[in-house]
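First the structure, in the form of structure tokens, and then the observations on it.
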Amino acid sequence: MFDRLSDLNRRAFLDGVKTLSPAVPATFSWGLVTGIAMAKSVLTVPQALGMSLAVYAGSSQLAVLPLFAAKLPLWTILLTAAMVNLRFVIFSAGLAPHFAYLPLHRRLVLGYFNGDIIYLMFQKRNFPTGYQPGKEAFFWGMAAASWSSWQVSSIVGILLASLFPDNWGLELAGTLALIPLIVSAIATRSTLAAVGVASVIALLTLDLPYRLSLPLAVAAALLAGTFADIMAEKMGAGRKTTGAKSPAPRLTETEPLNPPFDIKQPDLDKAATSTKNTGSAR
Amino acid sequence: MSATQVWLAIAGMALITSITRALFLMGGERMILPERVQRALRYAPAAALVAVVVPDLLTTPNGLSIAFSNHALYASLCGLAWFLWRRGMLGTIVVGMIAFTALRLFA
């Protein structure tokens, strides 16, 4: 952006930083835990630093740590990371109409720096689609605040971890940090069905080679969730069929579980909100 | 896993972050994700996380176990209970770690 330093863009950038700032403490603690969990895993300190800086996706970083420890093959690790990241695909669809005017490489970079909280707060602004003065600068203000608080806390966590003895079992903190994400994601009955089926299948197929159980569990979960949706739609169809609006999951979706820390929940549960947001963005 | 493989995994994960976050920014601005696909994309992350976490917590050096000696499992259940009650992420981690430490020292 050639006029990046224009007064308007500078103010929009600072506005973005300010908008994200309430989420910084939560991002910071989340990054700290992720850093500690990475450093206490099988990763070396340089590897943990590299992962933090390059991957920049907290929940998928935490999810793969047990897989590294279990010496599972590369593709299992990558597949798991991809599954955990699938929610970002929804976000990318939500951002697309806002930034389609940018050249490809700029869109790619912008996408990489998107995240759960950034996306949520960006959509809350209800920007008109297409080019708007200051919109990109606002996004970058949030992205810069989010990226720097995440990286600083994660690196501090990695370096602090060596102060704690290994037998304190601090790697468990990484697993514990995933519990709120999973529970908050269960905002609908269909998701509950999906998660329940996933855990049962994962256990039943645990002895299959290469942890084939992982893709099997996710595939079964998608089927179970979709099936639950269809059932709910059928039951809801008796009342009023308004066509494409899909009233079904709303039956249970009225009150998504409270996010773990009000606006700042860094991960999965934002996906639930994003559906409505992408809807309004179109 | 060799160091090279770990670095390969890290590079691959970075690529996955880039691709998933930019997928529709690459030229799908007219693309509308059907509701059902959106929902499926939402089940997948939670499902993948439980498919990792549940076996990880149940596996001990002596195979699958729900015995009380599986400290990580019971500590995580304490964390889960805390989260269901208070809805705080930090509290979940702190309670889980306290339970784990107590089990390790006294059980």
When every residue in the stretch A:71-82 that is within 7 Å of chain B (Cβ to nearest Cβ) and either outside any helix (DSSP H, G or I) or within 19 Å of the chain's Cα centre (by Cα) (or both) is compared, the one surrounded by the fewest Cβ atoms within 10 Å (Cβ to Cβ) is A:Lys71
Taking the stretch A:126-148 and keeping residues outside any loop (DSSP other than H, G, I, E, B), surrounded by fewer than 22 Cβ atoms within 10 Å (Cβ to Cβ) and out of contact with any Phe, Trp or Tyr (no Cβ under 8 Å at 6 or more places or on another chain) leaves A:Ser148
Among the residues of the stretch A:40-48, is there at least one that is small (Gly, Ala, Ser), surrounded by fewer than 24 Cβ atoms within 10 Å (Cβ to Cβ), touching a residue at least 60 places away in the same chain (Cβ under 8 Å) and more than 8 Å from chain B (Cβ to nearest Cβ)? yes
Only one of A:Ser59, A:Ser52, A:Ser92, A:Ser21 is within 9 Å of another protein chain (Cβ to nearest Cβ), touching a residue at least 60 places away in the same chain (Cβ under 8 Å), assigned to a helix (DSSP H, G or I) and not charged (D, E, K, R), namely A:Ser59
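Residues are listed down the side, and each one gets a yes or a no for (1) within 7 Å of chain A (Cβ to nearest Cβ); (2) more than 24 Å from A:Gly115 (Cβ to Cβ); (3) modelled with pLDDT of 90 or more:
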site	(1), (2), (3)
B:Ala3	no, yes, yes
B:Ala9	yes, no, yes
B:Phe24	yes, no, yes
B:Ala44	yes, no, no
B:Asn70	no, yes, yes
B:Leu80	yes, yes, yes
B:Met97	yes, yes, yes
Screening A:Asn85, A:Asn9 for residues that are within 11 Å of chain B (Cβ to nearest Cβ), assigned to a helix (DSSP H, G or I) and either of a type outside the set (D, E, K, R) or touching a Lys or Arg at 6+ places or on another chain (Cβ under 8 Å) (or both) leaves only A:Asn85
Condition set outside any helix (DSSP H, G or I) and within 8 Å of another protein chain (Cβ to nearest Cβ), scope the stretch A:152-187, selection surrounded by the fewest Cβ atoms within 10 Å (Cβ to Cβ): answer is A:Gly169
Notebook entry, point to check: Going by the structure shown, is B:Ile16 over 20 Å from the mean Cα position of the chain (by Cα) and at the interface with chain A (Cβ under 8 Å from one of its Cβ atoms)?
Noted result: no
| task | Evaluate the following for B:Ser65: is it more than 7 Å from chain A (Cβ to nearest Cβ) and not aromatic (Phe, Trp, Tyr)? | result | yes
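Residues checked against (1) touching a Gly at 6+ places or on another chain (Cβ under 8 Å); (2) farther than 17 Å from B:Arg21 by Cβ; (3) not aliphatic (A, V, I, L, M):
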site	(1), (2), (3)
A:Arg11	yes, yes, yes
A:Ser21	no, yes, yes
A:Phe28	no, yes, yes
A:Ala37	yes, yes, no
A:Lys71	no, yes, yes
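The values are calculated or read from the model by the stated rules, or taken from the named source; none is laboratory data. Only a predicted model underlies this, so the values are computations on that prediction, with no experimental measurement involved. Using ideal geometry, Cβ is built from the backbone for each residue, glycine included, and neighbour counts are taken over all protein chains shown.
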